[in-house]
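A.B. asks: To start, I am sharing the structure in question, which I have written as structure tokens.
Every number in this text was worked out from the coordinates using simple rules, so none of it is lab data. In this text the structure is predicted, and so the values were computed from the model without any measurement. Counting neighbours? That spans all protein chains shown, and the Cβs are built from the backbone with ideal geometry, glycine included.
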Amino acid sequence: MSNSKSTIVFKWGVGIVQKATDIGVQPMVLTNKKINGLINEIAGETAISIIDYIKNRKNVSEFLIADKVKLDMQTTRNILYTLNSYNVATYVRKKDRKKGWYISYWTFNKGRVGELIDKIKDDKLEQLQQKLGREESNAGNFFMCGNGCARFDFDHATDFQFKCPECGQLLNQQDNSRTIENIKKRIAELQKETQKKK
């Protein structure tokens, strides 16, 4: 297999490596917008500046990261560990010879971003399909507070005697056909996005 700079390699299973184009998969183009959107979704807006700083660097000290992005150490570490829990940022720990402390050196794992974006889309699609099933099976059986505090299905509304537990206002029956329509629209959008990459 020849490797050129434009070749993107995917690993499918243990020890099997194939070019994406050989198996008919179009590789995802990772723009800064996609990367920042993912980072914002999994770790918050503050994490974007950290990723922007370590994006094109390897093994960057956590102290240097905190200093450059103007965050305190605790916040910086929390964000980095959150990113690490999704394997978007990886680290190695080394002991400082002078002080005896362990310092973490961080690297951005760009290879994980594409598959994580796909996984999050798949998870959202599954959640929306489950929500659609609940909405369709309980069509016309939802009750909502006039102030928008709470929304319940029939069983839960009866538990609260058709009164809002937040403000005490009477719950009104809600026509959920627009909710069903919006969920179907969002499912179609996600399925269309998923089909584009196949």
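A.B. asks: Name the residue farthest towards the positive end of the dipole of region 64-198 from the options Gly114, Val92, Ile187, assuming +1 on Cβ of Lys and Arg, -1 on Cβ of Asp and Glu, about the Cα centre.
C.D. replies: The listed residue farthest towards the positive side: Val92.
A.B. asks: How large is ³J(HN,Hα) for each residue in region 42-54, as worked out from phi by the Karplus curve 6.51 cos²θ - 1.76 cosθ + 1.60 (θ = phi - 60°), to whole Hz, x for Gly and Pro?
C.D. replies: Each residue of region 42-54 in turn: 8, 9, x, 5, 4, 5, 4, 5, 5, 5, 4, 6, 8 Hz.
A.B. asks: Could you sort the peptides 88-94, 100-106 by per-residue average Cβ neighbour count (10 Å cutoff), highest mean leading?
C.D. replies: Details: 88-94: 16.7, 100-106: 15.0.
The most tightly packed comes first, giving 88-94, 100-106.
A.B. asks: Can you compute 3J(HN,Hα) from phi for each residue in region 151-167, using the Karplus curve 6.51 cos²θ - 1.76 cosθ + 1.60 with θ = phi - 60°, rounded to whole Hz and x for Gly and Pro?
C.D. replies: Taking θ as phi minus 60°, the curve returns 9, 10, 7, 4, 4, 6, 5, 5, 4, 9, 6, 6, 10, 5, x, 7, 10 Hz for region 151-167.
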